[in-house]
1. Out of the residues in region 41-60 meeting the condition of being acidic (Asp, Glu) and over 12 Å from the mean Cα position of the chain (by Cα), tell me which one is most open to solvent (accessible area, probe 1.4 Å).
2. I'd like to verify a number: residues in region 30-57 that are modelled with pLDDT of 85 or more and either of a type in the set (Lys, Arg) or not in a helix (DSSP H, G or I) (or both), how many?
3. Which residues, counting only those in region 16-40, are hydrophobic (A, V, I, L, M, F, W, C), within 19 Å of Val61 (Cβ to Cβ) and open to solvent by less than 50 Å² (accessible area, probe 1.4 Å)?
4. Quick one: what pairs do we get from region 49-64, first residue under 13 Å from Leu23 (Cα atoms), second open to solvent by 40 Å² or more (accessible area, probe 1.4 Å) and of a type outside the set (Asp, Glu), C-beta under 6 Å, 6+ apart or different chains?
Amino acid sequence: MPRFDDVFKRSMVILDCEMSNALEDRGHDLSDDLWTARLLRGGVAEIAAMHRAYFEAGADVATASYRARMPQGQM
């Protein structure tokens, strides 16, 4: 795997694809609004496997965003 700073010296950088379709294809139910938080809590290995598959397919950079919120009264 190339070093992070070497990747951005290239004229083209390949990003991974979005998470939701790939995780649904892997059999995960993403029907609730906070599915990303749920998977971070109990499915980290699946998220890592998905990113690994993107790297193996040629991605240079893994991207991700997660939606979560604190339980009411704990902010």
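1. Of region 41-60, the ones acidic (Asp, Glu) are 46, 56, 60.
Adding the requirement that they be over 12 Å from the mean Cα position of the chain (by Cα) leaves 56, 60.
Numbers: Glu56: 147, Asp60: 33 Å².
Among those residues, the one meeting the criterion is Glu56.
2. 3
3. Within region 16-40, the subset hydrophobic (A, V, I, L, M, F, W, C) is 17, 19, 22-23, 30, 34-35, 37, 39-40.
When the remaining residues are screened for being within 19 Å of Val61 (Cβ to Cβ), the result is 17, 19, 22-23.
Once the filter is applied, which keeps residues that are hydrophobic (A, V, I, L, M, F, W, C), within 19 Å of Val61 (Cβ to Cβ) and open to solvent by less than 50 Å² (accessible area, probe 1.4 Å), region 16-40 yields Met19, Ala22, Leu23.
4. Pairs found: His51/Ala62.
The values are calculated or read from the model by the stated rules, or taken from the named source; none is laboratory data. The structure presented is a predicted model; accordingly, all values stated were derived computationally and were not measured. Because the Cβ atoms are built from the backbone with ideal geometry, glycine has one as well, and the counts that use them run over all protein chains shown. These accessible areas exclude ligands, DNA and RNA; they are computed on the full protein's heavy atoms, side chains included. Shrake-Rupley method; radii C 1.70, N 1.55, O 1.52, S 1.80 Å.
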